[in-house]
Amino acid sequence: MKGWGSRNLQIHSLPAALSGNRLYEAILTPLLDLTREMVLVVKPEQRVIHDHRDHRLIIDAVISGDAQESAEAMQKHIARVGASMSDLEKVYRKKKGLLL
């Protein structure tokens, strides 16, 4: 994936790589791979799957060293992304003939 999609996914893999937390990387990497696959298949008209201001809040909290604020910012981000990813997955499954 080139362009905006690749850059979009990089912002999600950077914290995992920088954290040194191999479990976090092991969980996140396949999720990002699946997201990349879904975007390639669905080719959504809307380039933004979620509000990118969440990233700034997460990064600022991590930089400040505030573990509680970091965790809360990440939890809010995941909750907001959930609905968009669910919608993307439905279209992906339909296009791949995987509807249940």
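Rule-based calculations on the coordinates, nothing more; no lab input. Bear in mind that the values here come from a model prediction, so they are computed numbers and not experimental data. Every residue, glycine among them, receives a Cβ derived from its backbone with ideal geometry; neighbour counts consider all protein chains shown.
Okay, here's what the table says:
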read-out	value
Base-10 log of normalised Debye intensity for segment 4-95 (one unit scatterer per alpha-carbon) at q = 0.10, 0.13, 0.20 Å⁻¹	-0.27, -0.46, -1.05
GluC sites (Glu not before Pro) within segment 21-51, DSSP loop, no more than 16 other Cβ atoms inside 10 Å	Glu45
Between helix 22-42 and the chain: long-axis angle, C-alpha atoms, 0 to 90°, nearest 10	30
Cα centroid separation - segment 78-95 against segment 6-42, whole Å	16
Dipole axis of the chain (+1 Lys, Arg; -1 Asp, Glu on Cβ), positive-most option in Ile59, Ser19, Met85	Met85
Estimated 222 nm signal from helices in the chain, with DSSP H stretches of n ≥ 4 weighted -39500 (n - 2.57), rounded to 500	-26500 deg cm²/dmol
Total charge dipole magnitude, the chain, about the Cα centre, Cβ charges on Lys, Arg, Asp, Glu only, Debye to nearest 20	620
